[in-house]
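One structure coming up, written as structure tokens, with questions to follow.
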Amino acid sequence: MNYKHLRNEDIRKIENFRNFKTQTKKIISFFVCVFSIVLFALVGFFYFYNYIDYDKNIKTTGTKTAIEEKYDNTENKNLNHLEENQEEQKIIESKKKDEINSYDFKNWNEKAPEELKIINHFNSLEDFEPKLKIVAGKKINALMAKDLENMIESARKQDIKICISSGYRTYEEQKKIYESAVFQELIHGAENQEEAEKKALFKNAKPAHSEHNIGLAVDFEPPENNETKETMLAWILKHAEEFGFIQRYKDKWANITHTNDKPLHFRYVGIKNAQKINKFGKSLEEYVIKNQNLY
Ligand SMILES: [Zn+2]
């Protein structure tokens with residue numbers, strides 16, 4: 001800069017101002033530098049502290065962090081709780097088992113759809129009058145007529161002939177069959193009436209306690225010899241559920257159904273229920289109890 005035209009005093013002022021500017025710049029640079037160092041140190045310390053903390057967690061818990069440990073503890077608590085529940089469930093199940101074979105389905109039968117009403121040794125449906133239809137020469141509950149017809153037709157297309165020996169039975173017919181069964185027991189070794197009745201009850205239901213009473217059961221029969229019977233039964237066992245039928249009585253359920261093995265007696269429960277019951281693999285009574293929240 002050319003100072004020749006300025007006075008000495010002015011030149012000094014300018015010099016002072018320039019010095020002041022240089023000093024200020026230095027001070028600002030110093031503070032920026034210090035601030036950066038402090039900031040850098042703080043960030044470094046923060047990460048280092050976290051690293052120590054993480055390391056400490058690993059040391060205290062072996063291989064897991066505190067969070068993982070906490071999660072595991074919660075899970076263990078849940079597992080313990082689950083085990084307790086399962087234990088409780090087992091007790092309830094065994095208690096139920098004792099109760100099922102004499103379980104009163106009265107309330108259930110009042111609200112249940114026709115195809116799921118329970119009729120057995122302990123539960124009668126005396127006043128029930130089904131709407132009837134004739135299929136394959138036998139009276140049956142109209143509710144299952146269509147499915148039964150379809151089933152017989154479907155079997156016929158595969159050269160399997162299915163006949164029905166019994167469908168709906170009136171109270172009088174049931175009474176006759178039951179009395180005849182008791183008589184048979186008496187002539188085949190039962191010591192007295194009581195014993196004969198007890199034995200007969202596992203083969204034939206008391207009047208109004210039979211599924212034939214509501215017309216939702218059929219006893220299938222083969223048209224000719226035993227060989228046909230096996231072929232027919234094999235086909236029925238494979239396909240019955242597609243038409244809403246289940247094999248109702250097996251020896252393994254006798255403590256619940258109070259009826260011995262009856263391979264040719266099938267009960268109509270509707271297609272969806274039949275499939276579910278077969279998948280469930282237990283008796284109709286147990287299926288109803290499990291799925292309809294009776295307990
Ligand atoms: Zn039957």
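The values are calculated or read from the model by the stated rules, or taken from the named source; none is laboratory data. These numbers come from a predicted model, not from an experiment. Cβ atoms come from the backbone with ideal geometry, glycine included; neighbour counts cover every protein chain shown.
Might you let me know whether the stretch 120-134 holds any residue that is closer than 14 Å to HIS265 by Cβ and at pLDDT 90 or above?
Looking for residues that are closer than 14 Å to HIS265 by Cβ and at pLDDT 90 or above, one finds at least one in the stretch 120-134, hence yes.
Here is a list of conditions, (1) out of contact with any strand residue (DSSP E or B) (no Cβ under 9 Å at 6 or more places or on another chain); (2) modelled with pLDDT under 90, and ASP104 meets all of them except one; can you say which number that is?
All conditions are met except number (1).
Per-residue answers, yes or no, for (1) polar (S, T, N, Q); (2) loosely packed, with under 15 Cβ neighbours inside 10 Å; (3) farther than 25 Å from LYS290 by Cβ:
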position: LYS106; (1), (2), (3): no, yes, no
position: PHE122; (1), (2), (3): no, no, no
position: GLY137; (1), (2), (3): no, yes, yes
position: ALA145; (1), (2), (3): no, no, yes
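Here's a follow-up. Would you tally the residues in the stretch 135-154 being more than 16 Å from VAL269 (Cβ to Cβ) and among the β-branched types (Val, Ile, Thr)?
2
ALA234: away from the ligand (no atom under 16 Å from the Cβ) and free of Cβ contacts under 8 Å to residues at least 12 places away in the same chain, yes or no?
yes
Residues of the stretch 238-256 being within 16 Å of the ligand (Cβ to nearest atom) and either under 22 Å from the mean Cα position of the chain (by Cα) or under 21 Å from LEU143 (Cβ atoms) (or both), which ones?
ALA240, PHE245, ILE246, GLN247, ARG248, TYR249, TRP253
So, GLU172, is that one more than 14 Å from the ligand (Cβ to nearest atom) and out of contact with any Gly (no Cβ under 6 Å at 6 or more places or on another chain) or not?
yes
Among all residue pairs at least 6 apart or on different chains, which show Cβ distances below 8 Å where the first residue, located in the stretch 200-218, is more than 22 Å from ALA142 (Cβ to Cβ) and free of Cβ contacts under 8 Å to residues at least 24 places away in the same chain and the second is within 13 Å of the ligand (Cβ to nearest atom) and assigned to a helix (DSSP H, G or I)?
Qualifying pairs under 8 Å: ALA200/TYR178; ALA200/ALA181.
Quick one: which residue in ILE160, ILE164 is under 22 Å from ARG248 (Cβ atoms), β-branched (Val, Ile, Thr) and in contact with a helix residue (DSSP H, G or I) (Cβ under 7 Å, 6 or more places away or on another chain)?
ILE160
Within the stretch 257-294, can you find the residues that are within 20 Å of the chain's Cα centre (by Cα), among the hydroxyl-bearing types (Ser, Thr, Tyr) and within 16 Å of the ligand (Cβ to nearest atom)?
Scanning the stretch 257-294 gives a single hit, SER283.
Filter the stretch 230-285 for residues that are crowded, with 20+ Cβ neighbours inside 10 Å and among the basic types (Lys, Arg) and give the result.
Correct list: ARG248, ARG267.
Shifting gears a bit: For the stretch 198-226, name all the residues that are modelled with pLDDT under 85 and more than 14 Å from the ligand (Cβ to nearest atom).
The answer is PRO223, GLU224, ASN225, ASN226.
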